[in-house]
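The values are calculated or read from the model by the stated rules, or taken from the named source; none is laboratory data. Note that the structure is predicted; figures quoted are calculated from it, not measured. Here the Cβ positions follow ideal geometry from the backbone for every residue, glycine too, while neighbour counts run over all protein chains shown.
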Protein chains: 4
Amino acid sequence: MIKAGIIGATGYAGGELVRILMAHKEVEIKWYGSRSYIDKKYAEVYQNMFQIVEDVCLDDNMEELAKQVDVIFTATPQGFCASMMNDDILSKVKVVDLSADYRIKDVAVYEKWYGIEHKSPQYIDEAVYGLCEINREDVKKARLVANPGCYTTCSILTAYPLVKEGLIDPDTLIIDAKSGTSGAGRGAKVPNLYCEVNENIKAYGVASHRHTPEIEEQLGYAAGKEILLNFTPHLVPMNRGILVTEYAKLNQVKKPDGSRGLPSYEDIKAVYDKYYKEEKFVRVLEKGICPETKWVEGSNYVDVNFVIDERTGRIIMMGALDNLVKGAAGQAVQNMNLMFGFKECEGLELVPMFP
Amino acid sequence: MIKAGIIGATGYAGGELVRILMAHKEVEIKWYGSRSYIDKKYAEVYQNMFQIVEDVCLDDNMEELAKQVDVIFTATPQGFCASMMNDDILSKVKVVDLSADYRIKDVAVYEKWYGIEHKSPQYIDEAVYGLCEINREDVKKARLVANPGCYTTCSILTAYPLVKEGLIDPDTLIIDAKSGTSGAGRGAKVPNLYCEVNENIKAYGVASHRHTPEIEEQLGYAAGKEILLNFTPHLVPMNRGILVTEYAKLNQVKKPDGSRGLPSYEDIKAVYDKYYKEEKFVRVLEKGICPETKWVEGSNYVDVNFVIDERTGRIIMMGALDNLVKGAAGQAVQNMNLMFGFKECEGLELVPMFP
Amino acid sequence: MIKAGIIGATGYAGGELVRILMAHKEVEIKWYGSRSYIDKKYAEVYQNMFQIVEDVCLDDNMEELAKQVDVIFTATPQGFCASMMNDDILSKVKVVDLSADYRIKDVAVYEKWYGIEHKSPQYIDEAVYGLCEINREDVKKARLVANPGCYTTCSILTAYPLVKEGLIDPDTLIIDAKSGTSGAGRGAKVPNLYCEVNENIKAYGVASHRHTPEIEEQLGYAAGKEILLNFTPHLVPMNRGILVTEYAKLNQVKKPDGSRGLPSYEDIKAVYDKYYKEEKFVRVLEKGICPETKWVEGSNYVDVNFVIDERTGRIIMMGALDNLVKGAAGQAVQNMNLMFGFKECEGLELVPMFP
Amino acid sequence: MIKAGIIGATGYAGGELVRILMAHKEVEIKWYGSRSYIDKKYAEVYQNMFQIVEDVCLDDNMEELAKQVDVIFTATPQGFCASMMNDDILSKVKVVDLSADYRIKDVAVYEKWYGIEHKSPQYIDEAVYGLCEINREDVKKARLVANPGCYTTCSILTAYPLVKEGLIDPDTLIIDAKSGTSGAGRGAKVPNLYCEVNENIKAYGVASHRHTPEIEEQLGYAAGKEILLNFTPHLVPMNRGILVTEYAKLNQVKKPDGSRGLPSYEDIKAVYDKYYKEEKFVRVLEKGICPETKWVEGSNYVDVNFVIDERTGRIIMMGALDNLVKGAAGQAVQNMNLMFGFKECEGLELVPMFP
């Protein structure tokens, strides 16, 4: 049984960490950090935890926390984790950072897209990008994991096998993403009010959303070259869920008869299976089934599938996940499991809830 | 490890049974009965179960099923279970009936409110009304359990302690209930279409809803006399959840100074605690907190609380539960746990999901 | 063509006033008052008004405004209108106050329930309670109209005929009300965030909501005596709409054969028709049809109906309206029409929008 | 005052036609055709019309109808209008067909994508594609107008100016569309149930949706050549609204200094203004504002805007409309206004409703 501390425990991702860790056999939560609710009972902030969590919220003193626990989750605004990190902390605990601070290897790119100075760039190299399905072995050895963004996880996993195997031209990649509103956080802002979001859909952050360089960097590694793509997020009137619809030009492949042509359904399916058949949390759906966010709600699954459009020579790839689970807290726990040598799916065998 | 069969596995309550039993340590599902989807893979009906359930749907042959399993759940339309029941079945398996067939002890009342003939009234006496918090000991010994209705569970548990202890006048009881739409089932009907339910609220079944006599019967046992009350259900644009708001005249009690008067907050709270303090699944909230359906979503909890209105001499009691869990599948599993001597909360320690 | 000014034009009720007045033949808006958005284009606050409203927001200087317009609508927080009112203003313009400042005749009751001092109690007597269907003639002569609350309008109109004619015992009246979220206003507060309201229902302000004394006062006039009742509001995950479900004991009436007994459906229907048959905006539905908020969305209608429960001797009355129209802006325009001698329904012949 | 008949008056588009025509000064509805509800009062099918529409539903006898009215709207399934059309009808009335029967000029394309035989191809040539902003003059002279699809209207108007002026490469055009659920119609089908749609988003009809060839044909006229594009619709949990997000490679243009490069914001804006500045119902939003479906709800507006992504050389175009108004009934009325010489915006000056 290890001890965990959460900084930012009263945000939506923090709350989901608590929900998941409550049923985790190897972890107990010792520290519910929440600058906004210090000394308040956690269950008063989230009444669903009444009679389940008895603790009160504590501050975000990461140094003190490092003495008391084995793993720290930082579910905090950009810049916080980087500003707190030091050698002493890393020598004592493992850290899973749910913010963007250590996701992007090029500090200049980080500072440009996030508009803030990085306070501890010396740890960026060490930090492992915690997309378990791709970086599993590195995660196992890591002290500091940069937990991927919600849009990012969905966007990358949906296209990764085809980029990696050169079946699509990554520079033609267009990612049209749709997210539930919990991704916007629990801050009290007019655009997130019920009446503003309900019965409405809109794009936002067009050509400027911060998850863009993160996707480009990771898919660039798969492609073996730098790539530029379009990523457009949309706000959808639902609590949870991300759906991505991705478009790319298919590259021609050598066909059985020696000619060159578009890959077939079977060609593509084989590539997805190569990467995901053994992956518990990535489900490649059966032919003709489009992923739906509701089918993964509350679980750590990513559902992916694709359709080839022979008329235009493009492939349409689709992926769905729960932004608070595989897109945040679930993936963080998956990373922790790897870091501590637990069963990778411990605490994560959550059956999606429908309806 | 016992074996379970579900008849009506592709309705919403049946689907929730599958979700819960997937994580239950003592049970495996051997039979997914669904007249509408025979031979179809269960996971094609509910894509959330892809790669989790590999079975295909079977028919609803209860006799055959009784040979193969230890417990049968019938999540079927009214009349089905009663029409199938016989001595042979009951000698082989335990049955938890999620329909209304054995809930009402007076067969004439059943036939009047449901408008159908009861096909096996000889089992009504034996059937135990499976409201575990009230009939726990009887459930433990039962072969046949009548699993309570969703509205009913919430309505009864919210008022039970005060009726039992004579603190309210049960003939003044008015229950205004609000339900999410999954309670209406998965049948394809115009009134349940998205555009008809969304952005809308309405009462229905006013003064005629079938859960009325069930509530009256059970609260009548608590009151020690027959009672008549008003019950009005409403359809709310959300998937899950039932909230009841109950109104009743408070009876006067003897006060510490010898005078008679309205009971105080502490008087009432003490009565709720007497009945529910040791009940894991009934949470009496702290003073001033109103139950919200979201705080129990996905879990087996019922949250209850009350406010005394000294101006009118009435008490307003409130209760919230997830209609598919404590209002159906969760309670059915709780009953099964009692019937088989498992830990009562096995498979039911579900942390409510928020948001 | 008269000129109108709106103070509080950027709240939801203010926005609805703008929507309605845009299509009103006798009025042009000259002043969009909004303390929060001074100098900002109104259409930047409400993009639906792009290319429809070109004006910028102004301050809330009521004295200045009184010089420039013929009618002022104050859609402002409690206390504002009372603090600004003076003889000079009332001598120049007519005022429709959408806040509660002049609704309650007993200033002590106002100050107790609202917790603020009333700054101009000298105008309370003069102010006419603007429930047009009841106080039409007084409204026509008024300089200052107190526009009723949204819950209040629905609650009163649903029960009014039966209270007035003595068919129900008003002291047994219980009003269970359900409201869409626009009633909570456009302030940025955590409880009004999308993820907190969506998929959720709760009661609030139990036994303490400020609309209670307003309902009691007005129905008390109808009853000819002071009454106390229970009023419980609930927050529903939808943008617009209020539904009330009201319960009361029926008084016995003299039957055709000379005996006494419960009134029949026809007895009750006749009473509703007596008061509402000629009322354009109150629709008494046909037997067996329950009001639904969606059927009145966007319109100035109140739909009412009732069911007699002979078992309990109670009547269940139901009413539905759009809280921003008949519950706020539409009623304000209806009052204005009466005050200025326009056709009462001018600008208000809005066909409900479905779905 | 002309007389109108509606066939398919009880579908969602038919209901919206009724709502709009109720407030139209030049039209009265004489025939509410609805095969499913013959002899039933229209207001019993749509309770919002209680006391507004007194008529009963009639059959779909188009020959008889042609004798009684001046204009027929067919809001019917594909194939119906084509199967009924004949010279006699067209000699007596003008027809606005809201189905797809006369939208596609190449009958083979129609029959392939719709999978049915076209019963009256002889009228395809005569039929005018009723996208008023593009074909206004032809509509004025038409007897038979093919009212465009909802997705189609939004998709075409959003990209039209740039395709027409050659600023984008139409073969790189990718249209990612999101629709509210009323677009799926009022048929009782499991996938359209509240609990299936709510809290969910999915793509459907990927690479095979029937609006694809309609968009390709119309934008092909603008491009002056045949084009192929990707169109992917998504189902969004809301009643109304379509949002399209369109991606295309920008063509290089000659810059003021003589060099060639990407067009600037101002270049693009000037082109949109050239086509839409005088168009009442197309609103080109201000820089940086993304269209939202809520801002056009209930109105005949299309809101469009764009963002240039200099990194990728693509433009992201966005458009939003109400699928039942500008995407169906509103556009049909706009066409009728043109055909009969009424003011084009008569009956259509509907202010969007928010929230």
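Pick from the range B:205-214 the residues that are within 11 Å of chain C (Cβ to nearest Cβ) and part of a helix (DSSP H, G or I): which of them is surrounded by the fewest Cβ atoms within 10 Å (Cβ to Cβ)?
B:PRO213
For the condition within 11 Å of another protein chain (Cβ to nearest Cβ), buried (at least 23 other Cβ atoms within 10 Å of the Cβ) and touching a Ser or Thr at 6+ places or on another chain (Cβ under 8 Å), what is the one hit in B:VAL351, B:VAL296, B:VAL325?
After ruling out the rest, the residue left standing is B:VAL325.
Looking at this structure, is D:ILE29 modelled with pLDDT of 95 or more, of a type in the set (A, V, I, L, M, F, W, C), closer than 26 Å to C:VAL302 by Cβ and more than 24 Å from the chain's Cα centre (by Cα)?
Against the criterion (modelled with pLDDT of 95 or more, of a type in the set (A, V, I, L, M, F, W, C), closer than 26 Å to C:VAL302 by Cβ and more than 24 Å from the chain's Cα centre (by Cα)), D:ILE29 does not qualify.
I need a count of the residues in the range C:130-185 that are in a strand (DSSP E or B), under 27 Å from C:LYS94 (Cβ atoms) and over 13 Å from the mean Cα position of the chain (by Cα).
Qualifying residue count for the region: 1.
Residues are listed down the side, and each one gets a yes or a no for (1) of a type in the set (D, E, K, R); (2) in contact with a His (Cβ under 8 Å, 6 or more places away or on another chain):
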| residue | (1), (2) |
| --- | --- |
| B:PHE80 | no, no |
| B:ASP101 | yes, yes |
| B:LYS119 | yes, no |
| B:TYR123 | no, no |
| B:TYR129 | no, no |
| B:ASP138 | yes, no |
| B:ARG143 | yes, no |
| B:LEU157 | no, no |
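Being more than 7 Å from every other protein chain (Cβ to nearest Cβ) and either surrounded by 24 or more Cβ atoms within 10 Å (Cβ to Cβ) or free of Cβ contacts under 8 Å to residues at least 60 places away in the same chain (or both) is the filter here, so list the residues in the range A:184-195 that pass it.
If the condition is that a residue be more than 7 Å from every other protein chain (Cβ to nearest Cβ) and either surrounded by 24 or more Cβ atoms within 10 Å (Cβ to Cβ) or free of Cβ contacts under 8 Å to residues at least 60 places away in the same chain (or both), then A:ALA184, A:GLY187, A:PRO191 are the ones that fit.
Residue by residue through the range B:24-57, note down the ones that are of a type in the set (Val, Ile, Thr) and not in a strand (DSSP E or B).
B:ILE38, B:VAL45, B:ILE52, B:VAL53
Could you check how many residues of the range B:58-91 are hydrophobic (A, V, I, L, M, F, W, C), in contact with a Leu (Cβ under 9 Å, 6 or more places away or on another chain) and part of a loop (DSSP other than H, G, I, E, B)?
Counting residues in the range B:58-91 that are hydrophobic (A, V, I, L, M, F, W, C), in contact with a Leu (Cβ under 9 Å, 6 or more places away or on another chain) and part of a loop (DSSP other than H, G, I, E, B) gives 2.
Within the range C:92-121, restricting attention to residues that are part of a helix (DSSP H, G or I) and basic (Lys, Arg), which residue is nearest to C:THR212 (Cα to Cα)?
The extreme case among them is C:LYS112.
So for the range C:273-283 (the condition being without any contact (Cβ under 8 Å) to a residue 40 or more places away in the chain, more than 20 Å from C:LEU348 (Cβ to Cβ) and assigned by TED's automatic domain parsing to the domain that holds C:SER182), does at least one residue qualify?
Scanning the range C:273-283, I find at least one residue that is without any contact (Cβ under 8 Å) to a residue 40 or more places away in the chain, more than 20 Å from C:LEU348 (Cβ to Cβ) and assigned by TED's automatic domain parsing to the domain that holds C:SER182, so the answer is yes.
For the range C:328-348, how many residues are in a loop (DSSP other than H, G, I, E, B) and either within 14 Å of chain D (Cβ to nearest Cβ) or on the phi > 0 side of the Ramachandran plot (or both)?
So the count comes out to 5.
Just give me the residues in the range C:8-23 being part of a loop (DSSP other than H, G, I, E, B), touching a Gly at 6+ places or on another chain (Cβ under 7 Å) and buried (at least 20 other Cβ atoms within 10 Å of the Cβ), in sequence order.
C:GLY8, C:ALA9, C:GLY11 - these are the residues of the range C:8-23 that are part of a loop (DSSP other than H, G, I, E, B), touching a Gly at 6+ places or on another chain (Cβ under 7 Å) and buried (at least 20 other Cβ atoms within 10 Å of the Cβ).
Any residue that is away from every other protein chain (no Cβ under 14 Å) and either closer than 30 Å to D:GLY180 by Cβ or not in a helix (DSSP H, G or I) (or both) - is there at least one of those in the range B:215-228?
yes
Within the range D:24-39, track down each residue that is buried (at least 16 other Cβ atoms within 10 Å of the Cβ) and among the acidic types (Asp, Glu).
The one that is buried (at least 16 other Cβ atoms within 10 Å of the Cβ) and among the acidic types (Asp, Glu): D:GLU26.
Just to be sure, is B:ILE268 within 12 Å of another protein chain (Cβ to nearest Cβ) and either more than 20 Å from the chain's Cα centre (by Cα) or not in a strand (DSSP E or B) (or both)?
Spelling it out, it is not the case that B:ILE268 is within 12 Å of another protein chain (Cβ to nearest Cβ) and either more than 20 Å from the chain's Cα centre (by Cα) or not in a strand (DSSP E or B) (or both).
Against the definition (assigned to a helix (DSSP H, G or I) and surrounded by 22 or more Cβ atoms within 10 Å (Cβ to Cβ)), how does B:GLY5 come out, yes or no?
Against the criterion (assigned to a helix (DSSP H, G or I) and surrounded by 22 or more Cβ atoms within 10 Å (Cβ to Cβ)), B:GLY5 does not qualify.
State whether one or more residues within the range A:47-59 are crowded, with 23+ Cβ neighbours inside 10 Å and among the aromatic types (Phe, Trp, Tyr).
no
From the list C:LEU243, C:LEU167, which residue is under 30 Å from B:THR181 (Cβ atoms), crowded, with 18+ Cβ neighbours inside 10 Å and in the same structural domain as C:GLU297 (by TED's automatic domain parsing)?
C:LEU243
Is there any pair with a first residue in the range D:104-128 that is within 19 Å of D:GLY149 (Cβ to Cβ) and a second that is outside any loop (DSSP other than H, G, I, E, B) and basic (Lys, Arg) whose Cβ atoms are under 8 Å apart and which are 6 or more apart or on different chains, and what are they?
D:VAL128/D:LYS141
Return yes when D:LYS202 is of a type in the set (D, E, K, R), within 13 Å of chain A (Cβ to nearest Cβ), under 20 Å from the mean Cα position of the chain (by Cα) and under 30 Å from A:GLY298 (Cα atoms) and no when it is not.
Considered against the rule, which asks whether it is of a type in the set (D, E, K, R), within 13 Å of chain A (Cβ to nearest Cβ), under 20 Å from the mean Cα position of the chain (by Cα) and under 30 Å from A:GLY298 (Cα atoms), D:LYS202 comes out as no.
Which is within 26 Å of C:GLU199 (Cβ to Cβ) and more than 22 Å from the chain's Cα centre (by Cα), of A:MET49, A:MET62?
Of A:MET49, A:MET62, the one residue that is within 26 Å of C:GLU199 (Cβ to Cβ) and more than 22 Å from the chain's Cα centre (by Cα) is A:MET49.
Tell me the residue from D:THR181, D:THR172, D:THR153 that is touching a Phe, Trp or Tyr at 6+ places or on another chain (Cβ under 9 Å) and over 14 Å from B:LEU193 (Cα atoms), please.
So the residue among D:THR181, D:THR172, D:THR153 that is touching a Phe, Trp or Tyr at 6+ places or on another chain (Cβ under 9 Å) and over 14 Å from B:LEU193 (Cα atoms) is D:THR172.
Taking into account only those residues within the range D:272-326 that are among the hydrophobic types (A, V, I, L, M, F, W, C) and not in a strand (DSSP E or B), which is farthest from the chain's Cα centre (by Cα)?
Among those residues, the one meeting the criterion is D:ILE289.
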